[in-house]
Amino acid sequence: MSEQPRRPRKPGKPYRRPQKDPVRILAFEALRAVDERDAYANLVLPPLLRKAREKDEKFDARDAALATELVYGTLRRQGTYDAVIAACVDRPLREVDPPVLDVLSLGVHQLLGTRIPSHAAVSASVELARVVLGDGRAKFVNAVLRKVAQDDLDGWLERVAPPYDEDPEDHLAVVHSHPRWVVSALWDSLGGGRAGIEALLAADNERPEVTLVARPGRATTGELLAEDAAVAGRWSPYAVRLSEGGEPGAVQAVREGRAGVQDEGSQLVALALANAPLDGPDRRWLDGCAGPGGKAALLGALAAERGAFLLASEKQPHRAGLVAKALDGNPGPHQVIAADGTRPPWRPGCFDRVLVDVPCTGLGALRRRPEARWRRRPEDLDGFAPLQRGLLDSALRAVRVGGVVGYATCSPHLAETRAVVADVLKQHPEAELLDARPLLPGVPDLGDGPDVQLWPHLHGTDAMYLALIRRTA
């Protein structure tokens, strides 16, 4: 059989295989997991980084840091970058394939949010597109990013954000990359003028420090401060912050469970409840929404110092397992159960202190979970409202006369904080609000009370809310 004649090559540049960049491929895979599976970056990224190190010994700490910056930076500024990309394409963004949009967003972040030179950002993004999308769509990526590269971030914001005077909320939403409804809700909760809301939104886009807690009786802050890159916390006597590059897993006390990773705002909530004045005995404590276990572990250690018993309850069995792991080795008496706090197995009036850190929208932790701002919808508030009220009502029934309940939530939204407390207290005339502010000694800017709202831009913490309530009859 005679050979078929070879088809002549078209004139032009010879074909070149795309260069695989493990850092950018990893970042792309993380964004796809967040988009396709509703995964959280803080859960997806660590196993991807471990896999990359195992696969390539040349993948080092600098590569891991760049991959982390690309993922989190892109997610935090997604709203801004979407507005920029929309100005550079000839179709609605909803008609751009999500994988293409992820590559474009990664490229735009490199161009507008990092110090990577423009030519390198475009080139690396086009190479990524060739690997994960193919040559055809890589040309589209190249064309869009070359348009983006013609201006810097400030220039683009001038073009794509409406003037503040015409539409303040939409201006802030584009400039600071938050959904408009979130901007409105945070502004209502914060009060005040433009400076405060801009500072808060900007703080949401900053990379948060890693904060450790030295669990009393098991570890000391002195032990943690002996670690590299460790500095004292601002407000909690048990807090130690790790500066950039600090790795919690490298700290022996963390590996042994004697210390943990816990935002300082979360620590302050637990400490305030533990130190609230009681009338009568102080022997039985309840954490009614204990998962995943950070506050329970701190409360358990504080209870142990006083000889008190801690019951940690969590509805979801797998989260109850995390609570048990966090409390493993606690020096005092404790028990972990899987139970629904709105239909509790315990008798009414049998606890001296009760904490309910209720499920919520998580709008107070957008620094740590930037993708949450794009997933949440205003209607989610209606879904959480009955549960939040039910849990606080149950907590007030669980505490004895003279005992104290702490209602906490990692959201500053008024519908999840003061509205819940006010509604439930109407049904419980035998309860009264305590002034929580003196129980956070040294912490400034706590407002008029009696409840407390912490803020990222004022306190360097998540936006935790706390109301302390004493049962009087």
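We did not get these values from a lab; they are worked out from the coordinates using the rules stated. What you see is a predicted model, and the numbers here were worked out from it, not measured in a lab. Please note: Cβ atoms are built from the backbone with ideal geometry, for glycine as well, and neighbour counts cover all protein chains shown.
Straight-line cross-link partners of Lys147 among the lysines, defined as a Cα under 21 Å from its Cα and at least 8 positions apart when in the same chain: Lys139.
All other residues whose Cβ lies under 13 angstrom from that of Pro331 are scored, Lys and Arg at +1 and Asp and Glu at -1, for a net of +2. Between Leu225 and Arg347, the contour length at 0.36 nm per residue exceeds the alpha carbon distance by 39.6 nm.
Once the Cβ-Cβ distance of Glu206 and Asp279 is raised to the sixth power relative to R0 = 45 Å, the FRET efficiency obtained is 0.60.
Is the C-alpha gyration tensor of the chain telling us rounded, prolate or oblate? Criteria: a/c under 1.5 is rounded; beyond that, a/b larger than b/c is prolate, otherwise oblate. Show your work: numbers first, answer last.
Numbers: a/c = 2.38, a/b = 1.82, b/c = 1.31.
The shape class here is prolate.
Could you tell me the center-to-center distance, by alpha carbons, between region 426-450 and region 369-398 in angstrom? That distance is 21 Å.
Per residue of the chain, the DSSP helices (runs of n ≥ 4 H) give a summed -39500 (n - 2.57) that works out to -14000 deg cm²/dmol at 222 nm. Once the chain from Lys325 to Asn42 is taken as fully extended at 0.36 nm per residue, the excess over their C-alpha distance is 99.9 nm.
With a sphere of radius 9 Å drawn around the Cβ of Asp263, what net charge do the other residues whose Cβ falls strictly inside it have (Lys, Arg +1; Asp, Glu -1)? Residues close to Asp263 contribute a combined charge of -1.
In terms of packing, defined here as the mean over residues of other Cβ atoms within 10 angstrom, the peptides 361-374, 88-101 line up highest first as 361-374, 88-101. For a label point 7 Å from the Cα of Gln427 along Cα→C-beta, name the residues of region 358-387 whose backbone N is under 11 Å from it. The answer is 386-387, whose backbone nitrogens lie closer than 11 Å to the label point.
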